[in-house]
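A quick write-up on the structure given underneath.
Nothing in this text is a laboratory measurement; each read-out follows from the coordinates by a stated rule. Note that the structure is a prediction, hence the values are computed from the model and not measured. Heads up, the Cβs are rebuilt from the backbone with ideal geometry, glycines too, and the neighbour counts pull from every protein chain shown.
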Amino acid sequence: MTHLKSVERIARMLVLIFCFALSVAAQWQSVGNVAAVTQVKPNGVVFTTTSRAKASVEFFDLDVVRVRVAPSGKFERDFSYSFDTSVERKPADAKVTQTKTQIVLTSTSGSKVVINKTPLRITMFDAAGAEIVKDGSEPVRFNKATGEFAATKFRSSEVETYYGFGEKAFIEMSRNGKYIVNWNTDTFAYPIGTDPIYQSIPFFYALSDGKAYGLFFNNTFRSFFDMGKTSPDKYSFGANGGELDYFVFTGGRERSPKKVLEDYTRLTGRTPLPPVWALGNQQSRWSYFPEKRVREIADGFRKNKIPADVIYWTSTIWTNTAFSLGTKNDFPTRRRCWPILRKTASGPC
């Protein structure tokens, strides 16, 4: 009898879990149609949708299109640590025309964005009139109960190839057919194919028939990119929260990767020129200790006439709260050791 009651309890729990999962799944909804244009700006438009979301499409720069969709109906503060604030930005001018079925934005460079109203679909064209990228059959879906959302784009052709996302543990250089998660993870000694790992860079290049464009997803929540793994004719991306905020770098008239990179780094910042010593040979492992061992390494390089500009002293002791550089017993003359190493042309780091 006791066993029977236990089985009944488990069955009821399973039914409740199943019903809850169905209710959450049922709350996913499409962004719908354009309901009303609420603002026409010099570089774009702001509008509401039939799902009560708020959206904005604009030329952020001459060859950069920014799309924002706030499922809650209210945009978040327009600030991001991803943007290089040292760059003086002036909104690009765009001609805005509107009919009963479409809104068209045309940049002074000739790039064009066509917003279909019913249903909402966004298609981007280059100055020559060639299609760059267009929304999938379900361009934006979201779940107001969980905060999740996803956007979908069609692949321009079967040969469209994707590159980017930073350090990933894939064998292939291309990201076609990959499901990529952005969530920095300290994954020691990971095998091939492990994801996520150490970096989260939500940016990629798309290359097809020698023409390129780029896409940057500006969102700090746990996010994903499904680059055709689920459906080979399209890719999708989304996050567990926040708002949909992405930039498409059209590549300019030449549609080149170089132009895409120029515009992407103009937005997010460019790597400063490194110091000369950073270009030299750098010796590293899971640290060197005690201090005697560090000196032996430096002396060995000089004895064997091997150039070494840097020897890394990384974290050597794991405590309950953090890594440390060891104790005074490990490095008794730490302050005096640095000048000695510099005299041998090896600087600790």
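Tell me the net charge near Tyr179. Cut-off is 12 Å between Cβ atoms, Tyr179 excluded, with +1 for each Lys or Arg and -1 for each Asp or Glu.
Combined, the nearby Lys, Arg, Asp and Glu give +2.
Excluding same-chain residues fewer than 8 positions from Lys74, which lysines have a Cα within less than 23 Å of its Cα?
List returned: Lys41, Lys54, Lys117, Lys144.
For Lys258, list the lysines whose Cα falls under 18 Å from its own Cα; do not include residues on the same chain fewer than 8 positions away.
Lys211
Order these peptides, 172-180, 197-205, by their mean beta-carbon neighbour count within 10 angstrom, highest first.
197-205, 172-180
Suppose the chain between Ile297 and Leu279 were pulled fully straight at 0.36 nm per residue; how much longer would it get relative to their current alpha carbon spacing?
Additional length available on full extension: 4.5 nm.
Once you keep just the Cα pairs under 8 angstrom separated by 6 or more residues, what percentage relative contact order results for segment 184-316?
17
If you average the sequence gap of Cα pairs under 8 Å that are 6 or more apart and divide by the length of segment 29-268, what percent do you get for the contact order?
18
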